[in-house]
Amino acid sequence: MAISEAEAVVMEVLWRGAPRTAEEILAEVGPAQQWQEGTVKSLLNRLLRKKAVHAERDGRRYLYTPLLSRGQYVQQESKGLLDRLFGGRVAPLVAHFSEQRKLSKKDIAELRQLLRELDDERH
């Protein structure tokens with residue numbers, strides 16, 4: 001299930017705290033995104049069709065809860081990015097960031113530590 005960038009904005013609100021109403025979501029992201037209530041409700045309906053959220057009636061309104069976890073979303077997006085741009089390989093991704101000088105000393109130290117841990121697990 002592919003989640004659009006706009007849908008991901010709504011999901012972020014739900015991941016931070018759910019259940020939420022459409023009005024609560026609008027209050028949190030509407031001003032920054034310049035969205036109206038109809039936009040939020042359309043996005044919620046798309047997410048419902050994708051089974052990324054669940055809606056439960058609460059009087060005259062609905063409460064929305066995420067069914068897709070943030071971890072699942074990050075995994076899908078990461079795999080998609082690697083597959084689309086780097087042939088499914090991590091090394092070219094890291095090389096790209098290093099060529100663009102986007103890796104700080106802290107990033108490099110964390111990568112070295114991660115590689116040591118991965119190497120230790122395999123031996």
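Note down the accessible area of Glu121, probe 1.4 Å, to the nearest 10 Å².
140 Å²
Under the rule of -39500 (n - 2.57) per DSSP H run of 4 or more residues, summed and divided by the residues of the chain, what mean residue ellipticity at 222 nm is obtained, to the nearest 500 deg cm²/dmol?
The helix-only estimate for the chain comes to -21500 deg cm²/dmol at 222 nm.
Comparing Leu26, Leu43, Leu85, which has the greatest mean-square fluctuation in the GNM of the chain with Cα pairs linked when under 10 Å apart?
Of the options given, Leu85 has the highest mean-square fluctuation.
So for the pair Ser98, Gln75, with labels modelled 7 Å out along Cα→Cβ, what separation do we get in nm?
Computed distance between label sites Ser98 and Gln75 equals 2.8 nm.
Is segment 5-66 best put as rounded, prolate or oblate by its Cα gyration tensor, with a ≥ b ≥ c the root eigenvalues, rounded for a/c under 1.5, and otherwise prolate when a/b is larger than b/c, oblate when not?
rounded
Can you give me the relative contact order of the chain as a percent, contacts being Cα pairs under 8 Å and 6 or more apart?
So the answer I get is 19 percent.
Could you identify which residue out of Ala55, Ala22, Ala95 has the top mean-square fluctuation in a GNM of the chain using Cα springs shorter than 10 Å?
Its mean-square fluctuation being the largest, the pick is Ala95.
For the chain, which whole percent of the accessible surface, found with a 1.4 angstrom probe, sits on carbon and sulfur atoms?
On the chain, the fraction of accessible area on carbon and sulfur atoms equals 51 percent.
Could you give the dipole magnitude of segment 62-123 about its Cα centre, charging the beta-carbon of Lys and Arg +1 and that of Asp and Glu -1, in debye to the nearest 20?
Once rounded to the nearest 20, the dipole reads 220 debye.
Per residue, how much accessible area does the chain show when a 1.4 Å probe rolls over the protein heavy atoms, in square angstrom?
For the chain, the per-residue accessible area is 72 Å².
Dipole magnitude of the chain about its Cα centre, charges +1 at Lys/Arg Cβ and -1 at Asp/Glu Cβ only, in debye to the nearest 20?
Result for the chain is approximately 200 debye, rounded to the nearest 20.
Which of these, Asp107, Asp58, Asp83, has the largest mean-square fluctuation under a Gaussian network model of the chain (Cα springs below 10 Å)?
Highest fluctuation among the options: Asp107.
The values are calculated or read from the model by the stated rules, or taken from the named source; none is laboratory data. Bear in mind that the values here come from a model prediction, so they are computed numbers and not experimental data. A quick note on method: Cβ atoms are made from the backbone with ideal geometry, for glycine too, and the neighbour counts reach across all protein chains shown. The area values use the complete protein model at the heavy-atom level, side chains included, leaving out ligands, DNA and RNA. Shrake-Rupley method; radii C 1.70, N 1.55, O 1.52, S 1.80 Å.
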